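The values are calculated or read from the model by the stated rules, or taken from the named source; none is laboratory data. Source: prediction; values computed, not measured. Neighbour counts are summed over all protein chains in view; Cβ atoms, including those assigned to glycine, are modelled from backbone coordinates with ideal geometry. In case anyone asks, the SASA skips ligands and DNA or RNA and just uses the protein heavy atoms, side chains included. Shrake-Rupley method; radii C 1.70, N 1.55, O 1.52, S 1.80 Å.
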Amino acid sequence: DAMVIQNPRYQVTQFGKPVTLSCSQTLNHNVMYWYQQKSSQAPKLLFHYYDKDFNNEADTPDNFQSRRPNTSFCFLDIRSPGLGDAAMYLCATSSERLAGVPSSYNEQFFGPGTRLTVL
Amino acid sequence: QKEVEQDPGPLSVPEGAIVSLNCTYSNSAFQYFMWYRQYSRKGPELLMYTYSSGNKEDGRFTAQVDKSSKYISLFIRDSQPSDSATYLCAMRERFTGGGNKLTFGTGTQLKVEL
């Protein structure tokens, strides 16, 4: 089945120790997104890639970076995690290649998330 | 003021009840209105989306949008224990360069009890 896969599902890191979260997709979607969801809060968009073009949200801290080496993979790098970065990180994808097709509204498909704990 | 407001609950109802979930929003640029369901430790999954004001029905679920009041609702008929989850409303606007931005509500935690 086509899907969005996130690894690892659970990640524990130490305060200040860089960490990388991984997302892969078999949907061949050209847009990939990273969201941060803290406990009992709404998912918040950090950034997205439209093909290879990186788009950062204005309020995303510099501590968060991303890489997209190819269509299928996208990484979230947290350079120096703080206690406030503990959250669920959600990867999502959508296809813009169907833009203009009346039945398509470019649904975002979410992965299961990676829960990050910072000690 | 948040762009999207949603009562976090928790909401507890008996099996078979009609559930009403609501969100208000302030951004007129939102074009699509979605409801996602999120089970514990899982990613959100799309339940329904609507584009214009009015009602849209899918099985036991009805989504309602009132753009003039900036108010959306999700109704669940004949609620089942398997409906127990967090329900997130989301609003979509287009990025100029392509792609779309979802702005979520905080989610309403629903429990349907036997």
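Numbers for the structure displayed
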item	result
Count - residues of region A:19-49 that are in contact with an Asp or Glu (Cβ under 7 Å, 6 or more places away or on another chain) and either assigned to a strand (DSSP E or B) or modelled with pLDDT of 95 or more (or both)	5
Check on A:PHE54, assigned to a loop (DSSP other than H, G, I, E, B) and either open to solvent by 20 Å² or more (accessible area, probe 1.4 Å) or of a type in the set (S, T, N, Q) (or both)	no
Boolean, B:SER68 is free of Cβ contacts under 8 Å to residues at least 40 places away in the same chain, away from chain A (no Cβ under 12 Å) and open to solvent by 10 Å² or more (accessible area, probe 1.4 Å)	yes
From the options B:TYR51, B:TYR39, B:TYR87, residue that is open to solvent by 40 Å² or more (accessible area, probe 1.4 Å), within 26 Å of A:MET88 (Cβ to Cβ) and under 15 Å from the mean Cα position of the chain (by Cα)	B:TYR39
Flag if A:ASP59 is exposed (fewer than 15 other Cβ atoms within 10 Å of the Cβ), modelled with pLDDT under 95 and closer than 18 Å to B:GLY97 by Cα	no
Residues that are outside any strand (DSSP E or B) and closer than 17 Å to B:GLN31 by Cα, drawn from region B:84-95	B:PHE95
Single match in B:PHE61, B:PHE104 (criterion: surrounded by 14 or more Cβ atoms within 10 Å (Cβ to Cβ) and within 21 Å of A:HIS48 (Cβ to Cβ))	B:PHE104
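A quick yes/no check of all residues on (1) in contact with a helix residue (DSSP H, G or I) (Cβ under 7 Å, 6 or more places away or on another chain); (2) without any contact (Cβ under 8 Å) to a residue 24 or more places away in the chain:
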{"site": "A:SER24", "(1), (2)": "no, no"}
{"site": "A:TYR35", "(1), (2)": "no, no"}
{"site": "A:SER39", "(1), (2)": "no, no"}
{"site": "A:LYS52", "(1), (2)": "no, yes"}
{"site": "A:ASP59", "(1), (2)": "no, yes"}
{"site": "A:ALA86", "(1), (2)": "no, no"}
{"site": "A:GLU96", "(1), (2)": "no, no"}
{"site": "A:GLU107", "(1), (2)": "no, yes"}
{"site": "A:VAL118", "(1), (2)": "yes, no"}
